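To start, the structure under review is shown below, and the notes come after it.
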Amino acid sequence: MEGLVSKRSDVYSYGIMLLETFTKKKSNDEMFVGDLNLRSCVHNLLPDELDQIIDADLLTVDEENLSRKMQCVASIIELAMNCTANIPVERMNMIDVVAALKKIKQKLSSCY
């Protein structure tokens, strides 16, 4: 917000990239006006409407191990939300982000 570059702003950018990737929405999409942005839109729909948040091309309803895969996607969305906390000191550090991603990858790998 202040135009200062820091590790915390890099974490924020990474979280936004995760949200863009898993929702298939750009943070500058024209649907986001006023106080509504990608993060707040996702936040408003969590946790009950995860299926409306994620890119429909990622998972299909007839997919094997769908609920376990959805749990992994939910974990990634939660990770993205933790990376994009409004207050910089509340954001995760990248060491913890990588550790969380490795755990999600391991869990997701067991689905295949």
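The values are calculated or read from the model by the stated rules, or taken from the named source; none is laboratory data. This structure is a prediction, so every number in the text was calculated from the model and none was measured. In this analysis, Cβ positions are derived from the backbone assuming ideal geometry, glycine residues included, and neighbour counts consider all displayed protein chains. Ligands, DNA and RNA are stripped out before the accessible areas are found, and what is left, the full protein with its side chains, is counted by its heavy atoms. Shrake-Rupley method; radii C 1.70, N 1.55, O 1.52, S 1.80 Å.
Numbers below:
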| read-out | value |
| --- | --- |
| Accessible surface, the chain, averaged per residue in Å² (probe 1.4 Å) | 69 |
| Orientation-averaged projected area, Cα convex hull of the chain (nm²) | 7.5 |
| Euclidean distance of C-alpha centroids, the stretch 32-57 and the stretch 88-112, integer Å | 20 |
| Gain upon complete extension [Lys24, Asp57; 0.36 nm per residue less C-alpha separation] | 11.0 nm |
| Apportionment of accessible area to carbon and sulfur, the chain, percent (1.4 Å) | 54 |
| Nearest-ten-degree value, helix 66-83 long axis tilted from longest Cα axis of the chain | 10 |
| Per-peptide average of other Cβ atoms within 10 Å, ordering 15-22, 89-96 highest first | 15-22, 89-96 |
| Length released on extending from Ala99 to Asn44, taking residue separation times 0.36 nm less the Cα-Cα span | 17.2 nm |
| Count, lysine Cα pairs under 18 Å in the chain, 8 or more residues apart or across chains | 5 |
| FRET efficiency, 1/(1 + (r/R0)^6) with R0 25 Å, evaluated for Ile87 and Val33 via beta carbons | 0.55 |
| Cys111 accessible area, assembled protein chains, probe 1.4 Å, Å² | 10 |
